[in-house]
Amino acid sequence: MNSTANPERTLAFIPDLMDWSKVSAIPGLARTKDLGSVDLQDVTTLVVDLDKAELAHLAEIVSGEQRNDLELIGFCSHVNTELKSAAEDLGFRVLARSRFFGDPAQFIC
């Protein structure tokens with residue numbers, strides 16, 4: 001690990017540029033456009049737009065050896081209760097999209 005690297009790093013899969021613009025100024029937040037290339041080695045928190053992610057792929061990521069003490073935060077449409085339940089089963093703290101974007105720093109920092 002690079003000695004200048006942030007010891008606490010949050011990685012976000014938020015592909016929509018309008019949504020990303022609402023969180024991009026949060027310190028320590030990095031963006032990935034592809035969950036398939038995610039390396040969670042130095043990541044402490046993973047934030048995911050669940051409406052845009054494939055649940056099966058998330059299951060692979062969070063069940064792997066990289067998981068350790070990774071905090072998982074997801075957000076989705078409040079009407080998508082099946083997705084919310086499935087993500088919670090994977091260990092995500094799931095928030096309604098409107099609640100998350102109301103004050104994203106509250107949940108990320």
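General observations
- Ranked packing of 27-34, 12-19, 90-97, most packed first, by mean Cβ within 10 Å: 90-97, 12-19, 27-34
- Exposed GluC sites (Glu not before Pro) absent - longest run of the chain, DSSP non-H/G/I/E/B, at most 13 other C-beta within 10 Å: 9-53
- Karplus-derived HN-Hα couplings along the stretch 80-86 (A = 6.51, B = -1.76, C = 1.60, θ = phi - 60°), whole Hz, x at Gly and Pro: 8, 5, 5, 5, 4, 5, 5
- Amide H contacts of residue 74 (H built 1.01 Å from N, under 5 Å, at least 5 apart or other chain): 48, 93, 94, 95
- Once you reduce the stretch 5-50 and the stretch 73-98 to the center of their Cα atoms, the two points are 17 Å from each other.
- With each label modelled as a point 7 angstrom along the Cα→C-beta vector, the residue 81-residue 42 pair spans 4.3 nm.
- Dipole magnitude for the stretch 10-108: computed about the Cα centre from +1 point charges on Lys and Arg Cβ and -1 point charges on Asp and Glu Cβ, it is near 360 debye.
Only the coordinates and a few stated rules stand behind these numbers; no lab work does. Remember, predicted model here, so these are calculated numbers, not experimental data. Cβ coordinates were reconstructed from backbone atoms using ideal geometry, including for glycine residues, and neighbour counts include every protein chain displayed.
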